[in-house]
Amino acid sequence: MSTLLKHEFLRTRDLLTLIIGVAILLAIAGALLAATGWPVLAAVGVLLCVVVVFTLVPVLQLALAVEYWRSSYGRSGYLTHTLPVRGATVYWAKILWAWLVSLVGAAVTLGLTLAAAPAVARATGGQPAMILTSIREAWATLNEVASTWLVVAAVATLTMMILIWPVQYFFAASIGSQAPLNRWGVGGPVAVWLGVYAATQVVTFASFAAVPLAVGMDGDRLGIVRFDLFAELRAGASGTAEVMPLGFVVALLAITAVCLSWTVRSWNRKVSLT
């Protein structure tokens, strides 16, 4: 596994370094433009910073998904599948590397956000010196209304939501490269991913009814409260409950588990190279 992970690093490091480098340069340019305070340039700078913050991790994941497909099912896939290890081992090395890159990308995004925040605040009429104060106050308020386990669960959920995307992308690439979908070329993985996306929406919606629990205010603290999907739908825009249904967590975990197991089976039994 360590050898395979090292190979993934060597194979993708140039591409990943390029993506992260471009993101950092764009964030620096955006922060400098935002710091000028000039209406048009400042607006362009804020836009650049926002684009970097919201796209760095997805771009890294999509780039790895393309490399996964090319190295596993393209012309170089023949070499990959001649390695003297089980297909599932190769897959786990690739997905572990994708997860690690995703977490590093999230950390870089957080760093760029904090670094660019003062310039963006200046461009939008705020006070740069208030950024850190606002963060400390928000953290203190969160700890006042939420228990430690709830904060930890929220961080774990956010991390999970970052890591599920490579699983779905790799699943689409693997299943979409099996016969007969492999005759479509790149269209096979795209079609499978669209199917997974649609299934995720349906399963997630159903989970709201199956798991009648949510995170919401229970008195003066955040906690687990009852959630009635159909009552919320009947209330519509007039509903007053502000909660976060927990069903989506169950749905995403189930879908991720299915994608992982199905992809492992594909690597062990149904590899079709294009």
- Task: Give the number of residues within region 108-122 that are farther than 13 Å from A42 by Cα and of a type outside the set (A, V, I, L, M).
- Result: 3
- Query: What single numbered condition from (1) assigned to a helix (DSSP H, G or I); (2) closer than 28 Å to P180 by Cβ; (3) open to solvent by 30 Å² or more (accessible area, probe 1.4 Å) fails to hold for A63?
  - Reply: (3)
- Item | Any chance P84 is modelled with pLDDT of 95 or more and either farther than 26 Å from M160 by Cα or surrounded by fewer than 18 Cβ atoms within 10 Å (Cβ to Cβ) (or both) | no
- Message: Condition (residue is at pLDDT 95 or above, touching a Ser or Thr at 6+ places or on another chain (Cβ under 7 Å) and not assigned by the TED database to the domain that holds G188) applied to region 51-59: is it met by at least one residue?
- Response: yes
- Please work out if V202 is closer than 30 Å to V59 by Cα, modelled with pLDDT of 85 or more and not assigned by the TED database to the domain that holds V101. yes
- Positions within region 198-229 being closer than 19 Å to T263 by Cα and free of Cβ contacts under 8 Å to residues at least 12 places away in the same chain, in sequence order: A198
- Query: Does at least one position in region 71-88 carry a residue that is in a helix (DSSP H, G or I) and closer than 26 Å to G30 by Cα?
  - Reply: no
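The values are calculated or read from the model by the stated rules, or taken from the named source; none is laboratory data. Model, not experiment: these values are computed from the prediction. FYI the Cβ positions are ideal-geometry reconstructions off the backbone, even for glycines, and counts take in every protein chain you see. Side chains are part of the model used for accessible areas, which takes the heavy atoms of the whole protein and leaves out ligands, DNA and RNA. Shrake-Rupley method; radii C 1.70, N 1.55, O 1.52, S 1.80 Å.
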